[in-house]
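These notes are about the structure you will find just below.
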Amino acid sequence: MRAFNEKKCFRVVIVIPLLPGFQGGVDDSGAAAVRTIMHWQYRTICRGHNSILQNLYDLLGPKMHDYISFYGLRSYGRLFDDGPVATSQVYVHSKVMIIDDCISLIGSANINDRSLLGSRDSEISQINDPVVDSTYKDIWMATANTNTMIYQDVFSCIPNNLIHSRVTLRQCTTYWKEKLDHITIDLGISPEKLESYQDGNIKGTNPMERLESIKGHLVSFPLDFMCKEDLRPVFNESEYYASQVFH
């Protein structure tokens, strides 16, 4: 709020995994842990009146996006020589905190009191690289948006902002399973040809041609994924009985 009131450049750029690092898909019967983690992540980030983005929106309106944004990482390649083209998230596990664009803490320790008591090794460095509007909006955000759109066009990636419920998720995975005879939750397989209509005719394009426009690994975090679902565990799942203790 101080940066907003004083019209100063201030950015919070958060890069996190697109999905929790547990085996199983979001809709699997044994994936209650995945859904539970997603529930609390989304409650913290953007869902409900106590979420970060809702609180900022109440104060700043749409201008909140000038100060905070969420991203993930994704990659693509062939599963084997001349094999199908696939994509998967790059699982973010490094711990980096950058404060005021001048101090950064980089290391394997979690950013909490337990890991930063001072009795463990950590690495501290300093940078001087303020993120001006042209860098933040025209390069960082634009790259994330373009990469996200291309991945969606080629792979119909999961998770994405178009899937708001488990019903839609099931319809999507069923469609791709029937079309490609292969599906896992985060390993998207592209069709051999991308179909588009041109002058009334169906045109087939090599997916690699479309993917050549990808720059780096940055993608937007899907804030609307499963937004119409209650992802909390139910009474017949063991996670339902876990104590909600926060430190």
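Of all residues in the stretch 67-99, those satisfying the criterion of being in contact (Cβ under 8 Å) with a residue 12 or more places away in the chain and of a type in the set (D, E, K, R) are ARG74, LYS95. Restrict the check to the stretch 217-230 and report whether at least one residue is modelled with pLDDT under 90, of a type in the set (D, E, K, R) and surrounded by fewer than 17 Cβ atoms within 10 Å (Cβ to Cβ). Checking the stretch 217-230: not a single residue is modelled with pLDDT under 90, of a type in the set (D, E, K, R) and surrounded by fewer than 17 Cβ atoms within 10 Å (Cβ to Cβ). Cβ-Cβ distances below 6 Å connect the following pairs, each with a first residue in the stretch 1-24 that is more than 24 Å from THR143 (Cα to Cα), a second residue that is exposed (fewer than 14 other Cβ atoms within 10 Å of the Cβ), and a separation of six or more residues or different chains: GLY24/GLY30. Residue count for the stretch 1-55, restricted to those that are basic (Lys, Arg), more than 24 Å from THR135 (Cβ to Cβ) and loosely packed, with under 13 Cβ neighbours inside 10 Å: 0. Listed by first and then second residue, the pairs with beta-carbon distance under 7 Å, at least 6 apart or on different chains, first residue in the stretch 35-49 and under 16 Å from PRO159 (Cα atoms), second charged (D, E, K, R), are THR36/ARG232; THR36/GLU239; HIS39/ARG232. Quick check on the stretch 18-34. Is at least one of its residues over 20 Å from LYS228 (Cα atoms) and among the charged types (D, E, K, R)? Within the stretch 18-34 (the criterion being over 20 Å from LYS228 (Cα atoms) and among the charged types (D, E, K, R)), the answer is no, since none of the residues qualifies. The listed residues are PRO159, PRO130, and the only one of them that is part of a loop (DSSP other than H, G, I, E, B) and at pLDDT 90 or above turns out to be PRO159.
The values are calculated or read from the model by the stated rules, or taken from the named source; none is laboratory data. Only a predicted model underlies this, so the values are computations on that prediction, with no experimental measurement involved. Here the Cβ is made from the backbone with ideal geometry for all residues, glycine too, and neighbour counts use every protein chain on show.
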